[in-house]
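S.K.: Take a look at the following structure, please.
The values are calculated or read from the model by the stated rules, or taken from the named source; none is laboratory data. Note that the structure is predicted; figures quoted are calculated from it, not measured. Cβ coordinates were reconstructed from backbone atoms using ideal geometry, including for glycine residues, and neighbour counts include every protein chain displayed.
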Amino acid sequence: MATILVEVQLYAELRKKLPGWNKVAQIPLKEGTTVREFLGSIGVHNLNEYMFVLNGKGADADTSFQHGDRIAVFPAMEGG
């Protein structure tokens, strides 16, 4: 499988998951990697606690990345 580059933005406590994290990183991934697989690889397993925005639109955890995608991962907000 080919390697692709994905631009990743992590927010709140997720920033601690990647050493030397800056606001945005270009992460090399295997083609076909899903949001779930990427987050699992950095130790994030309870995905119900997060929201995913892929290329400016909501995405689910089983969405596969394409080369050049941009993803932002936020803790889910609760309110009332």
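S.K.: Got a number for residues in the stretch 45-80 being in contact (Cβ under 8 Å) with a residue 60 or more places away in the chain, out of contact with any Phe, Trp or Tyr (no Cβ under 8 Å at 6 or more places or on another chain) and assigned to a loop (DSSP other than H, G, I, E, B)? Give the derivation first.
M.R.: Looking only at the stretch 45-80, we keep the residues that are in contact (Cβ under 8 Å) with a residue 60 or more places away in the chain, and these are 65-75.
Imposing the further condition that a residue be out of contact with any Phe, Trp or Tyr (no Cβ under 8 Å at 6 or more places or on another chain) reduces the set to 66-70.
After this cut, where a residue has to be assigned to a loop (DSSP other than H, G, I, E, B) as well, the list is 66-69.
The total comes to 4.
So that you can scan it fast, the table gives a plain yes or no per residue for (1) at pLDDT 90 or above; (2) among the basic types (K, R); (3) in contact with a helix residue (DSSP H, G or I) (Cβ under 7 Å, 6 or more places away or on another chain); (4) exposed (fewer than 15 other Cβ atoms within 10 Å of the Cβ):
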site	(1), (2), (3), (4)
M1	no, no, no, yes
Q9	yes, no, no, no
K17	no, yes, no, yes
A25	no, no, no, yes
T34	yes, no, no, no
F38	yes, no, no, no
L47	yes, no, yes, no
K57	yes, yes, no, yes
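S.K.: Just checking, how many residues over the stretch 1-32 are assigned to a loop (DSSP other than H, G, I, E, B), in contact (Cβ under 8 Å) with a residue 12 or more places away in the chain and under 22 Å from A76 (Cβ atoms)?
M.R.: Here is the first cut: in the stretch 1-32, the ones assigned to a loop (DSSP other than H, G, I, E, B) are 1-2, 11, 18-24, 31-32.
The next check asks that each one be in contact (Cβ under 8 Å) with a residue 12 or more places away in the chain; those that pass are 1-2, 11, 18, 23-24, 31-32.
Cutting the leftovers down to under 22 Å from A76 (Cβ atoms) gives us 11, 18, 23-24.
Number satisfying all stated conditions: 4.
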